[in-house]
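Take a look at the structure below.
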Amino acid sequence: MVGRDNKRMKLIFPIFAWSCMVISTPAWVADITACVACHNDKMVANPILDGQHAKYIEKQLHDLKKDLRVHAQMQGIAKTLDDKQIADISKSFANKKWANPNPKSNPAIQEEGKNLVRKGNCTRCHGSELEGTYNIPRLAGQRSQYLKTTLLQYKNKERNNFPPMSSMLNRYSEEEIGVMAEYIAGLAYQE
Ligand code: HEC
Ligand code: HEC
């Protein structure tokens, strides 16, 4: 998949570079104004999308569109987007810089959170700094409130578009999930 995308980029890039000289906005830069109304650094309960990995954003939008992930507002929004818009929007967000807006968690949370993350071997998939890659989401510096909500939804199988995440969370209590969310939100990984 990655190789094919790279090859395609090689073909597309000369045309893309040329179009930049002609028009100021490259053709694939999507209009994300409507999204930014809810996905911004003031809406602390909503997930950060700036700097999230493109393939992960893309998968969530397709899953929401197909009702595989349930969130009434986002399902409605995803259904208005075609495949090309989804790909363009995902790339636009992925090309932005992650803002790291959260304060560092307190030392007690850091210690307990680190142990809980180790217990679940979360870094095996999400990367040593929980930075994610490709279709695996970045977690480091995501909003704590959102992380807690979505982790509880996995645990309760309300979010069921990736069942392995649900079975992994069986061994955590709600309180432990809260600690883990706060710890992960305070991680300030910078690419
Ligand atoms: C009315 C507010 C609102 C608008 C407008 C909105 N979103 Fe969302 N979005 C949310 C909320 C709330 C969630 C969290 C859903 C959940 O808890 O499962 C979300 C979740 C997402 C996710 C999943 C993120 C993750 O980390 O799993 C993606 C991707 C997303 N939105 C993309 C978009 C895009 C693209 C647009 C614009 C086309 C958009 N959203 C517009 C409120 C909004
Ligand atoms: C086997 C690999 C794997 C392991 C281990 C794993 N995850 Fe995940 N996780 C994923 C994948 C893949 C996704 C994206 C699911 C999808 O495509 O819908 C995900 C999604 C998530 C999300 C949703 C992020 C968002 O933006 O909505 C959170 C939060 C999360 N994982 C936290 C954790 C935590 C905490 C642990 C450790 C307890 C963990 N994961 C362990 C593979 C893994």
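Values in this text are rule-based calculations from the coordinates and carry no lab data. What you are looking at is a predicted structure, and each value in this text was computed from that prediction instead of being measured. Cβ sites come from the backbone with ideal geometry, for glycine too, and all protein chains shown count toward neighbours.
Some values worked out for this structure:
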read-out: Dipole-positive endmost among Met180, Ser105, Gly141 within the range 95-184 (Cβ charges, Cα centre); value: Gly141
read-out: Prolate/oblate/rounded label for the range 75-191 (Cα gyration tensor, a/c 1.5); value: oblate
read-out: Stretch gain in nm, segment His71-Asn100, where the contour uses 0.36 nm per residue and the Cα spacing is subtracted; value: 7.9 nm
read-out: Computed lengthening from Ser167 to Lys79, 0.36 nm per intervening residue step minus Cα-Cα distance; value: 28.8 nm
read-out: Label point at Asp41 placed 7 Å out along Cα→Cβ; residues across the range 146-184 whose backbone nitrogen lies under 13 Å; value: none
